[in-house]
Amino acid sequence: MPWIEKEDINRAKAVGLLAYLRANEPQELRQTAPNEYRTATHGSLVIRGDRWFWNRGNVGGKNAVDFLVRVRGMKFLEAVESVLGSRLSFVSPAGREKEENAAFSPKYDFYPPKYCRGNKATDYLQKRGISPAVIAEALKFGVFYESRYYNPQSEFHNTAVCAFVGKNENGKVVFAALRGIDCDLKIDKAGADKRYNFTLPAKNSDCGELAVFESPIDALSHATLEHRNSREYDVHRLSLGGTSSVALFSFLERNQQIKKVALCLDNDEAGLTAARKIKAELANSEIFRHIEVSVNLPPNGKDYNEALLLEIQTWREADKPAERRVFYCEEFLK
């Protein structure tokens, strides 16, 4: 979102880390004393009441926003949006002591974006270089379709959008990222559960490999590059919707067959910083430290969609497939 109201910022800052993790990443919590918790990823991070302190990183804070910024490396507005955009909003009931912070009341009910018949969404993806075969896969799995943005108070009301949706364990749509087709609208639908971000599943549901991207377009672009190069790379593809690791850890918790994770984030400072942090979080996690993690930069450009468009341009100019290049950026992470 381009801005956040001060009232929402204050509301986000009122959410304690314990409450946030209970709602979004319960697998992270380890109770070590009656009023003390630690996390699976950071064993030296201690949560007591409203306050937390990470001994290893020598940083602390009073709420979930502080944690997302100082430990996860999110930008401030991204952290606020992550807290407010979760499926639940967090409100301490009257009379309950703050350190409990464990009773939640929903702020928004989530309603999946309505399907609209039309070709605008598929045409848009093809203009971004996504192959018809990959688009057909996304349509088959029901994770992409055309919709309309509904908000009578917005200048984008009733505009055509691409809906990139995420489903829970029961196949129910609980997340949706909306991207304008003829405008610059980029927003997650109110009430969306960020733990279930857009995922293009592998053909083999038991596949043990996962590729992670910052956006649905990048995930689809990666699949297109593999398809155009005639590679049978069957892998789950997950969008984080930015650089937060919430969706990744939730996916791994639900899919414990995953043995390899490829971090295919953007080739910029934010992407490399996020890759370092996520790799460290996995390595320090008691649950996921066994997973083999690689960091795969896009072969050209800032992200995988830019790489795809550049490669398509090369194909057209040379009238033959360009040499496929995949870079591993371990040297950037030392």
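Here, each number is a calculation from the coordinates, and none is a lab measurement. The shown structure was predicted, so the numbers you read here are calculated from the model rather than taken from an experiment. Heads up, the Cβs are rebuilt from the backbone with ideal geometry, glycines too, and the neighbour counts pull from every protein chain shown.
Can you put D66, D123 in order, fewest other beta carbons within 10 Å first? Kindly include the intermediate steps, with their values, before the conclusion.
Working: D66 18, D123 13.
Least to most surrounded, the residues fall as D123, D66.
Can you put Y196, Y304 in order of Cβ neighbours within 10 angstrom, beginning with the fewest? Don't skip to the end; give the middle numbers.
On the way: Y196 22, Y304 31.
Final ranking by Cβ density, sparse to dense: Y196, Y304.
Which value results when the Cα radius of gyration for the chain is divided by 2.2 N^0.38 Å?
Numbers: Rg = 20.3 Å, N = 334, 2.2 N^0.38 = 20.0 Å.
So the chain has a normalised radius of gyration of 1.01.
Non-local amide H neighbours of L185 (under 5 Å, H modeled in plane, Pro and chain starts lacking H): which ones?
G180
How many nm is it between the label spots at R30 and Y150, if each spot is 7 Å from the Cα in line with the beta carbon?
Result for the modelled spin labels: 4.5 nm.
Mean Kyte-Doolittle of at least -1.0 and a Cα length of 15 Å or more along the axis: which whole DSSP H helices of the chain meet both? Intermediate results must be reported in sequence, preceding the final value.
Details: long enough: 216-228 (18 Å, -0.41); 269-284 (22 Å, -0.18); 304-318 (21 Å, -0.36).
Those that clear 15 Å and a mean of -1.0 are 216-228, 269-284, 304-318.
Tell me, in nm to one decimal, what length is gained between R56 and N170 on full extension, where the rule is 0.36 nm per residue of separation less the Cα-Cα distance?
The R56-N170 span can extend by a further 37.2 nm.
Give me T273, T41, T243 ranked fewest to most by other Cβ atoms within 10 Å of their Cβ, as a rough exposure proxy.
Ascending Cβ contact count within 10 Å gives the list T273, T243, T41.
May I ask you to list the aspartates and glutamates whose Cα is less than 13 Å away from that of K260, ignoring any residue fewer than eight positions away on the same chain?
Result set, ordered by chain and number: D206, E209, D234, E292.
When the C-alpha atoms of the stretch 123-226 are aligned to their principal axes, what extent does each axis show, in angstrom, from largest down?
Result, largest extent first: 45, 31, 22 Å.
Each label point is 7 Å from the Cα along the Cα-to-Cβ direction; what then is the distance between the points at T273 and S230, in nm?
Here the modelled spin labels are 4.3 nm apart.
In whole Å, what is the distance between the alpha-carbon centres of the stretch 128-157 and the stretch 1-60?
34
Relative contact order (percent) for the chain, with alpha-carbon contacts under 8 angstrom and 6 or more residues of separation?
About 13 percent, as a whole number.
A190 to K114: extension gain in nm, 0.36 nm per residue of separation minus the Cα-Cα distance?
Taking 0.36 nm per residue and subtracting the Cα distance, the gain is 26.0 nm.
Given a cut-off of 23 Å, name the pairs among K127/K186; K167/K189; K114/K167; K75/K140; K62/K172 whose C-alpha atoms lie farther apart than that in the structure shown.
Over 23 Å apart, Cα to Cα: K75/K140; K62/K172.
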